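Student: This structure is in structure tokens; I'll ask about it shortly.
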Amino acid sequence: MNVFNRGTVILIGIIVLAGAAVVLLISTGVSTPDLLPGGFLTTYLQNVADATGSNAVIIMVVSGIVALCMVLLIVFEIITASRKSSPPLISMNDSVVTTTGFKAMSKQDILVISSTEKGTTSIDVQSICDLVENVAITVYNMHRFDCKIGRNSDGLLLSCRAVAALGSNAVEVAAKSRSRVTEAIEQLTGLAVARVDIKILYDKSKKEIESLTVH
Amino acid sequence: MIDGTTVIEDEVVASIAGFAAGKVKGVESLGKSSITSSVIHHIKSAEDNAGTGVKVEVGKREAIINLELNVMYGYYIPDIVDEVRSNVASSLMEITGLMAKEINIRIVGIKFSDTKRKTG
């Protein structure tokens, strides 16, 4: 989910939560119907305040459930956002690729797989990155994998940063990741991979890994 | 025989193309994923969703189709797109009589199943 969508969901969640809280406060008698500034919605809120018996109970229960759901939704969105907003292992200026002339493509760029008179087939760089990252972390002891993608006449150039389990054999883990990533890209997209450069970090505490991130 | 003109709306061509593309094994969905599109996806019926991720340019006898596909992990993309091209072209010809001049396909996502196994 992008930042705009997440922000919209959180904003809607807050508005609904506020509405449910107001209804709950009025239905329980904690507050009066003129709670909102400028007498806004006083007529409707008066109906809530006037509700008795089962109607009042239903209003309380429904507004309570809605408020609880909104709290859970907002908490979930914030937790998910904070998890995803951890800095990438690799920044745009930090190239691991040793080949000269490597120029990382933006994740919004498109790679052409084939072009014939019947039409063009292309793939988003973001999709290749997702593929690489998902395939690489299937290697035992590989915890996290980020990559940038470039291209030269021989094929794709991958510049990757990886976090492996502390004490694991870095050379072996890198070799397995390299092999799986190459195989996945070539076998699934038909694009040739010319080079996969990997810089391994050992998995320490999250804070330490973030401090190791090159900005 | 009564004379008359038949006009096929772009939306109809897009729906046909989207529906034909979505039937191919390995195609997970059409169009870029976002919360807005997924909400719309759930609200709309399957037929209405068929035009999502499809842009068309329709001429008198030919059409150019641009498709955005999300594919499932594990399928060979060139095979999927070949089948999509063939399915879309034949559906268009069968239903509308239009010839697909060009079918441009952009892979916008690869969908993974939730279960991932760590192996040596």
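Student: Restricting to region A:139-173, and then to whatever is open to solvent by 30 Å² or more (accessible area, probe 1.4 Å) and within 14 Å of chain B (Cβ to nearest Cβ), can you tell me which residue is nearest to the chain's Cα centre (by Cα)?
Tutor: In this case the residue turns out to be A:144.
Student: Is one or more of the residues making up region A:70-77 in a helix (DSSP H, G or I), modelled with pLDDT under 85 and not aromatic (Phe, Trp, Tyr)? Working first, answer last.
Tutor: Taking region A:70-77 as the starting set, the residues that turn out to be in a helix (DSSP H, G or I) are A:70-77.
If we keep only those that are modelled with pLDDT under 85 as well, we get A:77.
Narrowing further to those that are not aromatic (Phe, Trp, Tyr): A:77.
Yes - at least one qualifying residue is present in region A:70-77.
Student: Give the residue that is surrounded by the most Cβ atoms within 10 Å (Cβ to Cβ), with candidates limited to residues of region A:29-61 that are within 16 Å of residue A:19 (Cβ to Cβ) and of a type in the set (Ser, Thr, Tyr).
Tutor: For region A:29-61, the residue satisfying everything is A:31.
Student: Go through the residues of region B:54-76 one by one and say whether even a single one is more than 9 Å from chain A (Cβ to nearest Cβ) and at positive phi.
Tutor: No; the residues of region B:54-76 include none that is more than 9 Å from chain A (Cβ to nearest Cβ) and at positive phi.
Student: Okay, next question. Hey, among the residues in region A:111-127 that are part of a strand (DSSP E or B) and more than 8 Å from chain B (Cβ to nearest Cβ), which one's surrounded by the most Cβ atoms within 10 Å (Cβ to Cβ)?
Tutor: Initially, region A:111-127 is screened for residues part of a strand (DSSP E or B), giving A:111-116, A:119-124.
Then keep just the ones that are more than 8 Å from chain B (Cβ to nearest Cβ); that gives A:111-112, A:115-116.
Details: A:111: 18, A:112: 12, A:115: 11, A:116: 9.
Checking each candidate, the answer is A:111.
Student: Would you confirm whether or not region A:139-154 contains a residue that is part of a helix (DSSP H, G or I) and among the β-branched types (Val, Ile, Thr)?
Tutor: Here is the first cut: in region A:139-154, the ones part of a helix (DSSP H, G or I) are none.
Within region A:139-154 (the criterion being part of a helix (DSSP H, G or I) and among the β-branched types (Val, Ile, Thr)), the answer is no, since none of the residues qualifies.
Student: What residue, among those in region A:175-190 that are over 13 Å from residue A:139 (Cβ atoms) and open to solvent by less than 10 Å² (accessible area, probe 1.4 Å), is nearest to the other protein chains (Cβ to nearest Cβ)? Even if it seems obvious, please write down each step before you answer.
Tutor: Here is the first cut: in region A:175-190, the ones over 13 Å from residue A:139 (Cβ atoms) are A:185-190.
After this cut, where a residue has to be open to solvent by less than 10 Å² (accessible area, probe 1.4 Å) as well, the list is A:185, A:189.
Values: A:185: 10, A:189: 5 Å.
Ranking the qualifying residues of region A:175-190, first place goes to A:189.
Residues are listed down the side, and each one gets a yes or a no for (1) open to solvent by 60 Å² or more (accessible area, probe 1.4 Å); (2) assigned to a helix (DSSP H, G or I); (3) away from every other protein chain (no Cβ under 12 Å):
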position: A:5; (1), (2), (3): no, yes, no
position: A:9; (1), (2), (3): no, yes, no
position: A:12; (1), (2), (3): yes, yes, no
position: A:16; (1), (2), (3): no, yes, yes
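Student: Can you tell me how many residues within region B:94-110 are open to solvent by 20 Å² or more (accessible area, probe 1.4 Å) and more than 14 Å from every other protein chain (Cβ to nearest Cβ)?
Tutor: Of the residues in region B:94-110, 4 are open to solvent by 20 Å² or more (accessible area, probe 1.4 Å) and more than 14 Å from every other protein chain (Cβ to nearest Cβ).
Student: Of the numbered conditions (1) part of a helix (DSSP H, G or I); (2) modelled with pLDDT of 80 or more, residue A:38 fails exactly one; give the number of that condition.
Tutor: Result: residue A:38 fails condition (2) only.
The values are calculated or read from the model by the stated rules, or taken from the named source; none is laboratory data. As the structure is a computational prediction, the values presented were derived from the model and not from experiment. Here Cβ is always computed from backbone atoms with ideal geometry, including for glycine, and neighbour counts include all displayed protein chains. The area values use the complete protein model at the heavy-atom level, side chains included, leaving out ligands, DNA and RNA. Shrake-Rupley method; radii C 1.70, N 1.55, O 1.52, S 1.80 Å.
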